[in-house]
Every structure is written in structure tokens, then in C-alpha cells.
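> What follows is a single structure, and I will ask about it in a moment.
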Amino acid sequence: MLIKKFNIGSLLPAIILSIAFTFASCDMEKKSSTEEVSMENDKIENAVSADNNKAMETKKAEEEAMIYTIADVDMQPLFSMECASMENPVECSNEKMLQFVKDNATFPREAINRNQDGFEQVIVVIEKDGSLSNMKYVASSKTKECDGCQKAAVDVVGMMENWKPAMKDGKPVAVQMTIPVRFES
């Protein structure tokens, strides 16, 4: 029987190369796995970021669309811009508004025929740009309603343009308020 002697020295480079390839292969798999995890984490971070952005945009849109009451704001809307520089801007605004109604309201024929004075109330939203929206008649002081009075009240309030908007936290905001309209014969 012939026994051949192997020289381990000649096989050593092949063994080392084989081990190196094995480690390199494992390292590449590890890198590939790490890259996949990293990519997955990036996807999750992007999705969370997108959700946060959408939530912030929604909140901002809700805040912009929010309609406050007079009690909720730092400064209520003013009917006249010149009132902003007065000592009591709200009182000035109310006086100017009542004078505007007196000067511009058309006393309805229906009320004249009944020989009655009228007090109507109109709810309106004064937008953050000073314009009016969502105007509607709400109440009357008379026991017998006067449809003409209601329409006249809404008409005269609709003529009130260019308000100085309400302010909250230093920003203009929309405010709902009730405007009284008195018809006097």
C-alpha cells in the first residue's frame, strides 16, 4: 500500500483562503442584513415623519378654520379701524356700529304699518381678513315677528365691510358675534 505524504504547508494557503471566503461571505450577509434593517428603519422614520407632518398640517388647518367667540380672544373685532387707537376701542367700535345701523338701515314698511319699533339680532362671523360670513338672523324683541325687519337687519349688517379682525396670541382669528340692529320710527 502506498501512502502518500501530504505537505500541510502546501495546503495551508488553500485552507486560509477558504476560511477568508467564509468570513467574507458571513460579513457580506451581515452587511446585507444590516443594510436591510437600516433601510427598513429609514422607511419607518419616513412614514412617522410623514404622519407627523400630516398631523401638524391638519392641526394647523383646524386652527385656521376655527371660529372663536368674543370671550376666547385677546381683542375683539373692531367695526372701525380708527377705533384701534382710541382709549376704549370696543366702546368706540360699538358706537360706530350703532351709528352705521342708524344711518343705513331701512325701516321696513311692515313695521311702519304696525307703528312699532324693532330690535333684531344677527349672528355673523367676522373672518380673520375682516370680511363677513355665515350671517343669519337669530332673534327679535317683538312678540309678533316682522319678516321685513329680519331681512332689513341682515341687509344692514351685510353692508358692514372691512372690520379689523379679532386677535388671539398676536394673530388675526375668525370670531362669531351677535350684532344688534334697532329700528326706530
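> Mind telling me which of the residues ALA47, ALA65, ALA61 ends up being more than 18 Å from the chain's Cα centre (by Cα), modelled with pLDDT under 90 and loosely packed, with under 11 Cβ neighbours inside 10 Å?
On inspection, the qualifying residue turns out to be ALA47.
> Residues of the range 153-179 being on the phi < 0 side of the Ramachandran plot and of a type in the set (S, T, N, Q), which ones?
GLN176, THR178 - these are the residues of the range 153-179 that are on the phi < 0 side of the Ramachandran plot and of a type in the set (S, T, N, Q).
> Do you know which residues across the range 145-185 are in a loop (DSSP other than H, G, I, E, B) and at pLDDT 90 or above?
MET159, MET160, TRP163, PRO165, ASP169, GLY170
> Restricting to the range 98-117, and then to whatever is out of contact with any Gly (no Cβ under 6 Å at 6 or more places or on another chain), part of a loop (DSSP other than H, G, I, E, B) and not hydroxyl-bearing (Ser, Thr, Tyr), can you tell me which residue is modelled with the highest pLDDT?
Looking at residues that are out of contact with any Gly (no Cβ under 6 Å at 6 or more places or on another chain), part of a loop (DSSP other than H, G, I, E, B) and not hydroxyl-bearing (Ser, Thr, Tyr), I get ALA105.
> Right, next: Pull out all pairs, ordered by first then second residue, where Cβ-Cβ is under 9 Å, the residues are six or more apart or on different chains, the first lies in the range 154-183 and is over 16 Å from SER133 (Cβ atoms), and the second is part of a helix (DSSP H, G or I) and basic (Lys, Arg).
If the second residue must be part of a helix (DSSP H, G or I) and basic (Lys, Arg), the pairs left are ARG182/LYS102.
> Go through the residues of the range 119-128 one by one and say whether even a single one is modelled with pLDDT of 90 or more, in contact with a Phe, Trp or Tyr (Cβ under 6 Å, 6 or more places away or on another chain), in a loop (DSSP other than H, G, I, E, B) and not aliphatic (A, V, I, L, M). Before the answer, list the steps.
Here is the first cut: in the range 119-128, the residues modelled with pLDDT of 90 or more are 122-128.
Next, only the ones that are in contact with a Phe, Trp or Tyr (Cβ under 6 Å, 6 or more places away or on another chain) stay: 122, 126.
If we keep only those that are in a loop (DSSP other than H, G, I, E, B) as well, we get none.
Scanning the range 119-128 turns up no residue that is modelled with pLDDT of 90 or more, in contact with a Phe, Trp or Tyr (Cβ under 6 Å, 6 or more places away or on another chain), in a loop (DSSP other than H, G, I, E, B) and not aliphatic (A, V, I, L, M).
The values are calculated or read from the model by the stated rules, or taken from the named source; none is laboratory data. Small disclaimer: the values here were computed from a predicted structure and weren't measured. Reconstructed Cβ throughout: ideal geometry from the backbone, glycine too, with neighbour counts over all protein chains shown.
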